[in-house]
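Read the structure below first, then the notes.
The values are calculated or read from the model by the stated rules, or taken from the named source; none is laboratory data. Treat the numbers as computed from the prediction; the structure is a model and nothing was measured. Note that each Cβ is placed from the backbone with ideal geometry, even for glycine, and that neighbours are counted across all protein chains shown.
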Amino acid sequence: MGLVRNRVGLPAKCDLQIKAKREVCSFEFHSVPGDKSISQRAIVLNAIAEGQGTVYNVLRSRDIESCITILRQLGVRIAWNGDDLSVHGKGLRGLQAPAGRLEVGNTATSARLMLSVLAGQSFAAELGGNALLSARPMDWVVQPLTDMGAVIEYLGAKGCLPLRIQGASPLSPIDMEATVFSAQEKSALLFAGLYAEGITRYRQRCQSRDHTERLMHYFGIDIQSDNDVTFLKGGNAFYAKDVMVPGDMSSAAFLLAAYAIRGAERKGSLLIKQVGVNPTRSGFIRLLAEMGLHLTLQAEAELISGEPVADIYCTPGTRLSSVLAEGNGRIQSLIDEVPLLAAVSAFAEGDTVIRDCGELRDKDTNRIQTTAGVLKAFGVETSCSEDEMVIHGGRPLSPATVDSCGDHRIAMTAAVLASSLDEPSIIRNCGCINVSYPGFVEDLSQFAHIDVLPAE
Ligand SMILES: O=C(O)C1=C[C@@H](OP(=O)(O)O)[C@@H](O)[C@H](O)C1
Ligand SMILES: C=C(OP(=O)(O)O)C(=O)O
């Protein structure tokens, strides 16, 4: 069945009532929305480049709108044409001082990338975020930027947004060891390195998503990686480029999960076209295959910006079995899919153990806790510690009423669980889904009957 897209998204305040749809056997998605990480990096890089670049297949979501809004406040001309975005770069130091505070909404990626860009300007600016983002740590980006010469003052809680940043021109290059397992720390340092005269070095603790390195290389920036160390020679202008954004693996994952948990009735196939399959992002599909789902990649290709894409094709396979997911690199390759992995594990025979996932405590919510809360509501037993989750799978689930706590990945994970049950469940507080996947309800409707209700 083809898909009629509706990218308008959900009302800001709404609940979803969801129950399984049993009549459809095969599922086909001609695309999923553009990758959120790559969309933000491509927009920001073009905004500080010389000339005009078009970013094709940009994710049209709330996080991306926040990124665009603050770039416009800094004087960047940006125009939509369908799902493509034309960005008129201002050059590394051509941004203008904003009239008021830059409000970055919910997105930590844009907050951390933009802190680095602001660190290289000759003016001061204030950066703020919504309540969830204001509880997330910024100190591990603030410290290196301060070492490079920016002056940063917290305006609320120490270590968090809002803050005031006075840039310095040029920044001093530094040699930094990772302090966290985070592609955002790495990317922030590399963006700051563009403003430093000389070579900035970053040693990551394990391989994290490498979209920044691939894009900077494509933009002609002098960047090289040698094992865990990335070197960037800064101080030079670079030119805007057209970028094609692949489908977001982190969004495709919800459709894969909805299919994988359909049990005895999983007769037909599932096809999702044009998904980004960068190995640093595809840990979830590797684990689904390990759990017993028959999954193949077809029509593999590479986009001009160096990102691999493929069509993902699945057939039912055997009953799902439990897995052990551990190791920092492996967890990084599915960091945003951990809540969903836990949900799928509820349908697998035996105990699934997810280790080394302590970083989830610093996402939109403490996702170890919020995931366990959702699973418990659906009748799934879990045990959790600071950096580990154990899911006792293979027992029947019961319908539930749960709250997303404003976290888009938690809302969608709960919706996927609800899509497997014949009796309706209610997922409260679902407007947050617009953060990353405005067409989610339309897409999940292939698997489930979904009613959008006004928030209670
Ligand atoms: O670099 C990025 O675009 C992202 C990296 C991850 O965060 P960390 O790098 O902090 O792990 C991920 O959770 C986030 O959704 C997007
Ligand atoms: C945590 C996420 O994004 P960010 O860190 O950019 O807010 C996410 O998309 O799940």
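Mind listing whichever residues of region 17-44 are aliphatic (A, V, I, L, M) and within 22 Å of the chain's Cα centre (by Cα)?
V32, I38, A42, I43, V44
Taking region 45-72, which residues are β-branched (V, I, T) and either over 16 Å from the mean Cα position of the chain (by Cα) or modelled with pLDDT under 95 (or both)? Give the derivation first.
Restricting attention to region 45-72, the residues satisfying the condition of being β-branched (V, I, T) are 48, 54-55, 58, 64, 68-70.
Residues satisfying the conditions are I48, T54, V55, I68, T69, I70.
Any residue in region 29-51 that is part of a strand (DSSP E or B), away from ligand 1 (no atom under 16 Å from the Cβ) and under 30 Å from P316 (Cβ atoms)?
Applying the first criterion (part of a strand (DSSP E or B)) to region 29-51 yields 29, 34, 50-51.
With away from ligand 1 (no atom under 16 Å from the Cβ) added as a condition, the list becomes 29, 50-51.
Still in the running and under 30 Å from P316 (Cβ atoms): 29.
Yes - at least one qualifying residue is present in region 29-51.
Would you mind finding the one in L118, L163, L92, L102 that is away from ligand 1 (no atom under 16 Å from the Cβ) and touching a residue at least 60 places away in the same chain (Cβ under 8 Å)?
L92
Condition check: among the basic types (K, R), free of Cβ contacts under 8 Å to residues at least 60 places away in the same chain and in a loop (DSSP other than H, G, I, E, B). Does R319 satisfy that?
Yes: the conditions hold for R319.
Being in contact (Cβ under 8 Å) with a residue 24 or more places away in the chain, within 28 Å of C206 (Cβ to Cβ) and within 16 Å of ligand 2 (Cβ to nearest atom) narrows it down to one residue among L341, L288; which is it?
None of the other options fit; the residue is L341.
Inspect region 187-206 for any residue being within 12 Å of ligand 2 (Cβ to nearest atom) and assigned to a helix (DSSP H, G or I) and give the result as yes or no.
Within region 187-206, one or more residues are within 12 Å of ligand 2 (Cβ to nearest atom) and assigned to a helix (DSSP H, G or I).
For region 291-314, which residues satisfy the criterion of being within 19 Å of E349 (Cα to Cα) and loosely packed, with under 15 Cβ neighbours inside 10 Å?
H294
Is there any pair linking a residue in region 228-254 that is of a type in the set (D, E) to one that is in a strand (DSSP E or B) and surrounded by fewer than 17 Cβ atoms within 10 Å (Cβ to Cβ), with Cβ under 6 Å and at least six apart or on different chains, and which?
Note: pairs meeting the criteria are D228/R203.
It is to be established whether one or more residues within region 404-424 are within 16 Å of I261 (Cβ to Cβ), β-branched (V, I, T), in contact (Cβ under 8 Å) with a residue 24 or more places away in the chain and touching a strand residue (DSSP E or B) at 6+ places or on another chain (Cβ under 6 Å).
no
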